[in-house]
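Inspection log for the structure reproduced underneath, given as structure tokens.
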């Protein structure tokens, strides 16, 4: 049985798929799928880190959001918070064995994203161009439109993979 068959079988089983918001599986999946949780888990998979180091590594996260994310992960038993008796007290975060068990699926998800990012961006561009040409649209997606219009090419996109995959237009250059 291949992966797709296992997924279909699992989803066909009544009440076994975790889509019910009252299902405990749903709450666990919600924590893991939270925007910043995968970044934190990946970073702590390298080594235990202090709050400031995590925040600098992630970059775009606010202090409040990182605090909330770490608390949720700690509450779910994925992260351990250690206070060192120094002056001022040093706090370090590390993955628990349960958190370590999440690394492989998260790394696989990142690998999938890195492998398929160009296809996803092309699909977004096509969707955005279609939406922009729809009656009443105001052309909301400039990067997508530029890709389709030929002003910007997929290889002109830069990817920042150190803090997640984000696409930004590279400096424009003329093509013959």
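Within the bounds of region 97-119, is there any residue that is assigned to a strand (DSSP E or B), closer than 20 Å to residue 47 by Cα, modelled with pLDDT of 95 or more and in contact with a strand residue (DSSP E or B) (Cβ under 7 Å, 6 or more places away or on another chain)? No: zero hits.
In contact with a helix residue (DSSP H, G or I) (Cβ under 7 Å, 6 or more places away or on another chain), in a helix (DSSP H, G or I) and closer than 24 Å to residue 3 by Cβ, is that true of residue 38? The answer is yes for residue 38. Looking only at residues of region 120-135 that are surrounded by 16 or more Cβ atoms within 10 Å (Cβ to Cβ) and either more than 18 Å from the chain's Cα centre (by Cα) or within 19 Å of residue 36 (Cβ to Cβ) (or both), we find that the one that is modelled with the lowest pLDDT is 132.
Take the residues in region 83-108 that are touching a helix residue (DSSP H, G or I) at 6+ places or on another chain (Cβ under 7 Å) and more than 20 Å from residue 51 (Cα to Cα); name whichever of them is surrounded by the most Cβ atoms within 10 Å (Cβ to Cβ). The qualifying residue surrounded by the most Cβ atoms within 10 Å (Cβ to Cβ) is 102.
Across region 67-96, the number of residues qualifying as within 21 Å of the chain's Cα centre (by Cα), in a loop (DSSP other than H, G, I, E, B) and farther than 18 Å from residue 29 by Cα comes to 0.
The values are calculated or read from the model by the stated rules, or taken from the named source; none is laboratory data. Because the structure is predicted, anything quoted here is derived from the model rather than measured. A quick note on method: Cβ atoms are made from the backbone with ideal geometry, for glycine too, and the neighbour counts reach across all protein chains shown.
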